[in-house]
Amino acid sequence: MRILIADDDEQYCLALKKYLEKKRDCQISLAYDGDEARHCIESNIYDVVLIDCEMPRCSGIDLIRVIKKENPQAKIIMVSGYQGIGEDFAKCAGVTEFLRKPFAIQTIDDILTRYEA
């Protein structure tokens, strides 16, 4: 499974990558802002893209359009700590899953297990 984690919180990205690499057989790319994420999406094929809603240089919402164009088969998991953004909004925007920060890291592994089934 190929996964892109795009979030401006570098420590969060690294911790999630380390956790997932221990739990499953996957290739994980990291992007720390929206421009890096867009470049990754336009250059690679991902099974899952995990994006923060708010990032510098390009928001997660803007990235949804890029993902749908470049990787239409990818499952999109959007995460946000902002109270003004909720699951209904995210689903309307085209994401597969929405998680509010903070969440248990095990939640991501549970979601990926469902996608593999």
Boolean, Leu30 is in contact (Cβ under 8 Å) with a residue 12 or more places away in the chain, surrounded by 21 or more Cβ atoms within 10 Å (Cβ to Cβ) and either of a type outside the set (Ser, Thr, Tyr) or in a loop (DSSP other than H, G, I, E, B) (or both): no
Residue pairs meeting the criteria (Cβ under 6 Å; at least 6 apart or on separate chains; first charged (D, E, K, R), in segment 45-71; second in a helix (DSSP H, G or I)): Asp52/Gly60; Arg57/Gly34; Arg57/Asp35; Glu70/Ile41; Glu70/Glu42
Conditions (1) under 25 Å from Glu87 (Cβ atoms); (2) hydroxyl-bearing (Ser, Thr, Tyr); (3) in contact with a strand residue (DSSP E or B) (Cβ under 6 Å, 6 or more places away or on another chain): number failed by Tyr19: (3)
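Out of the helices (runs of 4 or more DSSP H) lying entirely within segment 50-117, which hold 1 or more residues that are out of contact with any Lys or Arg (no Cβ under 6 Å at 6 or more places or on another chain), among the hydroxyl-bearing types (Ser, Thr, Tyr) and on the phi < 0 side of the Ramachandran plot? Spell out the reasoning first.
Working: elements: 60-70, 87-93, 106-116.
Where helices (runs of 4 or more DSSP H) fall fully within segment 50-117 and carry at least 1 residues being out of contact with any Lys or Arg (no Cβ under 6 Å at 6 or more places or on another chain), among the hydroxyl-bearing types (Ser, Thr, Tyr) and on the phi < 0 side of the Ramachandran plot, they are 106-116.
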Single residue of segment 59-101 satisfying the filter (within 23 Å of Met1 (Cβ to Cβ) and acidic (Asp, Glu)) that is farthest from the chain's Cα centre (by Cα): Glu70
Segment 92-109 residues that are without any contact (Cβ under 8 Å) to a residue 24 or more places away in the chain and surrounded by 13 or more Cβ atoms within 10 Å (Cβ to Cβ), paired with ones that are part of a loop (DSSP other than H, G, I, E, B) and of a type outside the set (A, V, I, L, M) (beta carbon under 6 Å, 6 or more apart): Lys101/Gly81
Considering residues of segment 65-79 that are among the hydrophobic types (A, V, I, L, M, F, W, C) and buried (at least 19 other Cβ atoms within 10 Å of the Cβ) only, the residue farthest from Ala15 (Cα to Cα): Ile67
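Each value in this text was obtained by applying a stated rule to the coordinates, not by laboratory testing. Keep in mind that this is a model prediction, so the values were computed, not measured. Backbone-built Cβ (ideal geometry, glycine too); neighbour counts: all protein chains shown.
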